[in-house]
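Notes follow once the structure below has been shown.
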Amino acid sequence: FRAILETLAFAAPLLPVVSNLTGALADADEIRTPDYWVRHVREAVRFADGVTVLRKAGVDTFLEVGPQSVLTALAADVLPGDEGVLTVAVQRRDRPEATGLLAALAELHVGGVPVSWRQWFAGTGASRVDLPTYAFQHQRFWPEALPRPRKDTDGSGDAEFWAAVERRDLTALATQLGDDTALDALAPALPALTTWRRARTRDAAVNGWSYQVGWRRIDPGAPPVAAGGWLLVGPDGDTADDVAAALASAGADVRRLPADPATATRGGLARRLTAALADGPVTGVVSLLGLADDPHPQHPAVPVGTAATLALAQALHDTGASTALWCVTRGAVGTGDGDAVRSAAQGGLWGLGRVAGLELPQLRVGLLDLPAAEADPAARVDPAAGVDRVGSASRVDPARIAAALTAAGDEDQLAVRPTGVYARRLTRATPADAAA
């Protein structure tokens with residue numbers, strides 16, 4: 001080996017070299033001698049020392065150029081748990097060479113290492129293309145990373161006891177209890193305890209990942225002085241009068257389109273809407289059709305109001321209208337603090353409305369829930385609270401209805417209550433009470 005080396009010419013390295021012979025930065029003159037390389041093939045390989053020296057020097061990317069990934073695995077072992085370090089192998093035994101090389105380049109690329117892709121695509125006829133024309137918004141919508149759940153999920157401090165339960169370790173349990181005679185009593189119960197404990201630990205972790213729907217009180221602000229034209233679709237009655245009065249108080253030009261939910265059809269509504277919209281554009285359409293809870297005659301499982309609301313959305317789509325469609329319900333949602341869902345049928349309309357809003361974005365579908373009918377028609381409330389009862393229906397301050405419809409901005413899922421206007425929110429679920 002030395003005889004061959006003495007016939008070669010050595011040049012100074014263009015990049016710094018950490019020596020596997022010394023485990024330190026190599027001397028540029030020393031590595032240009034046959035003696036160095038003879039020692040290199042005879043003495044121990046100081047690979048771990050070399051990786052450590054590189055890491056201390058600030059190196060955070062390790063690329064293995066070779067036929068397999070042995071050194072990549074070794075480097076990962078040398079730097080266990082060291083965040084921000086990237087180790088990449090150019091080739092792997094279980095992959096074709098081109099596939100392995102491209103995967104390595106891609107991993108380097110996403111890890112922040114500059115990769116010039118021009119050479120990769122040279123001769124293929126590939127060309128650059130413009131990115132889509134929308135602006136990139138640097139706004140993230142993913143939930144923040146959660147802290148790891150505590151092992152002792154019940155908070156009692158008995159971590160060692162429950163760890164023994166999870167391992168089904170009777171001896172350790174007897175030690176914890178200080179009573180060897182407890183083994184006979186514990187043995188039959190241990191499988192059930194282990195299953196319960198594992199389920200509890202799993203549920204505690206899942207609770208930390210879960211979200212739920214909540215309601216937040218908002219201040220929509222005052223309605224605009226001139227709220228534009230609004231089309232009110234649905235049967236006449238107290239609710240229609242309340243909504244019309246609310247919009248009129250905000251300066252809106254309210255047009256009524258009486259419609260019976262039991263007989264409303266897509267084609268019929270489309271014709272009537274076309275005629276109504278010909279009188280001038282409207283800012284929004286308010287549907288009261290969904291308030292009818294009676295079963296549909298052909299489909300008893302579907303409320304007639306839900307079917308009529310579907311027909312209205314389809315009819316608006318058929319007319320080519322581009323406007324806000326507000327679907328009014330009563331008692332479809334519960335805002336918390338004693339305000340529970342009062343009508344499952346009305347709640348189903350909210351499901352339809354949310355889907356329609358996604359599939360027909362030009363309609364900008366909104367959902368507005370009013371208080372449910374009261375069980376006791378004679379119930380009375382202080383007028384200062386902004387609510388009274390007429391017959392069996394709850395009536396709220398018209399100003400709140402007007403503000404919800406005309407001044408809520410991007411909010412499209414609202415509930416008007418005697419205590420204010422509430423908006424639907426997705427919030428992190430509250431973990432179950434550990435003592436329960």
Stokes-Einstein diffusion coefficient of the chain, Kirkwood radius over Cα pairs, 10 °C, 1.306 mPa s, in µm²/s: 54
Residues with amide H under 5 Å from that of G366, placed H, sequence gap 5 or more: L325, W326, C327
With Cα atoms, 0 to 90° folded angle of helix 238-249 axis to the chain main axis: 80
For R46, distant residues with modelled amide H under 5 Å away: L21, G23
Sorted peptide list for 335-346, 24-35, 279-290, criterion being average Cβ within 10 angstrom, highest first: 279-290, 335-346, 24-35
Share of Cα-Cα pairs in region 295-361 lying beyond 19 Å, as whole percent: 39
Square roots of five times the Cα gyration tensor eigenvalues for region 58-117, Å: 19, 16, 8
Nitroxide proxy distance, nm - points 7 Å out along Cα→Cβ at E411 and T265: 4.0
For region 295-309, 3J(HN,Hα) per residue [Karplus equation, 6.51 cos²θ - 1.76 cosθ + 1.60, θ = phi - 60°, Hz, x = Gly/Pro]: x, 5, x, 8, 9, x, 6, 10, x, 4, x, 5, 4, 5, 5
Apportionment of accessible area to carbon and sulfur, the chain, percent (1.4 Å): 56
Accessible solvent surface per residue of the chain, calculated while the other protein chains remain in place, 1.4 angstrom probe, Å²: 60
Helical mean residue ellipticity (222 nm; -39500 (n - 2.57) per DSSP H run of 4+; nearest 500) of the chain: -11000 deg cm²/dmol
Pair D238, L86: separation of 7 Å Cα→Cβ label points (nm): 6.7
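Apply 1/(1 + (r/R0)^6) to the Cβ-Cβ distance of R55 and L186, taking R0 = 56 Å, and write down the FRET efficiency to the nearest 0.05.
0.70
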A126 versus A163: modelled label distance in nm, points set 7 Å from Cα along the beta carbon direction: 5.1
Local net charge near L269, Cβ-Cβ under 12 Å (Lys/Arg +1, Asp/Glu -1): +1
The chain, relative contact order [Cα under 8 Å, separation at least 6], %: 12
Whole-Hz couplings from phi, Karplus 6.51/-1.76/1.60, listed for region 268-277; x for Gly and Pro: x, 5, 4, 5, 5, 5, 4, 5, 5, 6
Built amide H within the under 5 Å cut-off of W230, gap 5+: D253, V254, R255, T283
Cα Rg, Dmax, region 214-287, angstrom units: 14.1, 40
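The values are calculated or read from the model by the stated rules, or taken from the named source; none is laboratory data. Small disclaimer: the values here were computed from a predicted structure and weren't measured. Note that we place each Cβ from the backbone using ideal geometry, even for glycine, and neighbour counts take in every protein chain shown. Each accessible area value is taken on the protein alone, full model and side chains, heavy atoms only, with ligands, DNA and RNA left out. Shrake-Rupley method; radii C 1.70, N 1.55, O 1.52, S 1.80 Å.
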